[in-house]
Amino acid sequence: MGPSVSIIVAAYNSEKYIESCLSSIINQTYNNIEIIVIDDGSTDGTGWLIDKVLSGDRRAHVIHQDNRGVSQARNRGIDSASGEYLFFCDADDWLEADAIGSLYSTAKREQLDILYFDHFRDSESESRVIKLFPESFVSKSDATVNDALRAAALYVPSANFKTKCFSKVLYGGGAAWKYIIRRSVVRANKVRFDSRLDGMMEDAVFSFDAIQYCINIGYISRPMYHYLVHDNSTIHRYVPDCSLKFDRVIESVKRRVATQPPYSLTRKALNMRITAFIDKMCEMNLCNAENPDPDSVAYKVFLQYVKSDVINRAVQEANLRLYGNSRVRLQILLLKLHLYRIYWMIKSRNRRI
């Protein structure tokens, strides 16, 4: 009998976290797992630590390769996997001891194609439970559930929207570690991670694509995964070319929702995501402390960005009622009214020149 779940870990320069990640996997209470770790050209001690922790574990398959990016690393993991289900674990995160057993037993019993679960958001100061939906559910052959989850893969965390199947989606997002998914669904439909989007929603687009092929869907209202937010996380980094990355994501998703009507959940979700990129453009580039440009230059770039056709159209079409955070609603309203200088003053108040 083959493994029930293939756990895929793509690791790059993660020596500070990889031991705790792998230890949480090899010590799962459920043993019929396959552990696939791709060392994606790490230049620190990550590769050595992977070999050390997994030495002698027959369930483990370690791949050392030149650096190709997280998408190609995960795709190689998919190609190497033989489990009934796939689970993607980030190298700086870790699992509750009975996570895989609980997920697999539920997925197997209900014959699910995909099974979601809650998680902990960990930082140096706190560990907070993040719920995805109000309560556990199992849905079979319901297209409205499928559509809602595809939209949820794109919605921003502050989204506040209702559907026929959910009273409220508390936290969407398309991170690949938020679920286990049947391997045959991924393989048969050739769902892959797009390396052109590395570091910017490559997993959300993967999830968006994969969900459309899932018929039986479930969710367990229990946190089983620890998502670690730290100074090296992408959300804290200065990214000089982030606008190009945003453009790639927008074009990629626009192609996928082109046939959807303007009032569809996915169209609304895309508009929300595009408006979120404005905030991220300020955080990761223009107002970042590492940006060497003077304020006048940064503001000029900001104006060019928000006045571009795609960004401005998304702002004007965005539904303010969908933003659960009042602060975010106010900021989007400022953009709708073209009060750019006030928006910039809010975003740049902590900027160091």
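Observations on the model:
- Rounded, prolate or oblate (a/c below 1.5 giving rounded, otherwise prolate when a/b exceeds b/c) for the range 189-339 by Cα gyration tensor: prolate
- One quarter of the convex hull surface built on the alpha carbon atoms of the range 266-348 amounts to 5.1 nm², the projected area averaged over directions.
- Note on the chain: Cα-Cα pairs beyond 30 Å make up 38% of the total pair count.
- Calculated FRET efficiency for the pair K52/R222, C-beta based, R₀ 35 Å, to 0.05: 0.65
- Separation between Cα centres of the range 88-123 and the range 1-63, rounded to whole Å: 16
- For the range 130-136, Karplus couplings with θ = phi - 60° (6.51, -1.76, 1.60), whole Hz, Gly/Pro x: 10, 9, 7, 9, x, 7, 4
- Within the same chain, lysines fewer than 8 places from K307 are excluded, and of the rest, those with a Cα less than 22 Å from its Cα are K245, K254, K268, K280, K336, K347.
- Using alpha-carbon coordinates, inclination of helix 326-336 to the longest axis of the chain, degrees: 50
- Heavy-atom SASA rank of K131, K307, K347 (probe 1.4 Å, accessible area, largest first): K307, K131, K347
- Rounded tilt (10° steps) of 202-211 against the dominant C-alpha axis of the chain: 70
- Cα→Cβ-extended label distance, 7 Å offset, between A97 and Y263, nm: 5.3
- DSSP loop GluC sites (Glu not before Pro) with at most 11 other Cβ within 10 Å: longest gap in the chain: 136-289
- Within the accessible area of the range 222-281, the carbon and sulfur atoms contribute 53%, probe 1.4 Å, all protein chains present.
- The label-point distance for N312 and E251, in a model that sets each label 7 Å from Cα toward Cβ, rounds to 2.1 nm.
- Accessible area in the full protein assembly, largest first, 1.4 Å probe, for F206, F120: F120, F206
- Of the whole protein surface, R341 contributes about 120 Å² of accessible area at a 1.4 Å probe radius.
- Between S23 and E124, the C-beta separation translates, for a Förster distance of 25 Å, into a calculated FRET efficiency of about 0.80.
- Accessible-area rank, largest first, for D198, D241: D241, D198, with all protein chains present and a 1.4 angstrom probe.
- Given R0 = 25 Å, the distance between the Cβ atoms of V301 and V229 translates into a calculated FRET efficiency of 0.35.
- Per residue value of the accessible surface for the chain (all protein chains in place, 1.4 Å probe), Å²: 45
- For the chain, the longest principal axis of the C-alpha atoms and the axis of helix 295-306 are separated by about 80°.
The values are calculated or read from the model by the stated rules, or taken from the named source; none is laboratory data. These figures come from a predicted structure and were not determined experimentally. Cβ sites come from the backbone with ideal geometry, for glycine too, and all protein chains shown count toward neighbours. With ligands, DNA and RNA removed, areas are computed over all heavy atoms of the protein, side chains included. Shrake-Rupley method; radii C 1.70, N 1.55, O 1.52, S 1.80 Å.
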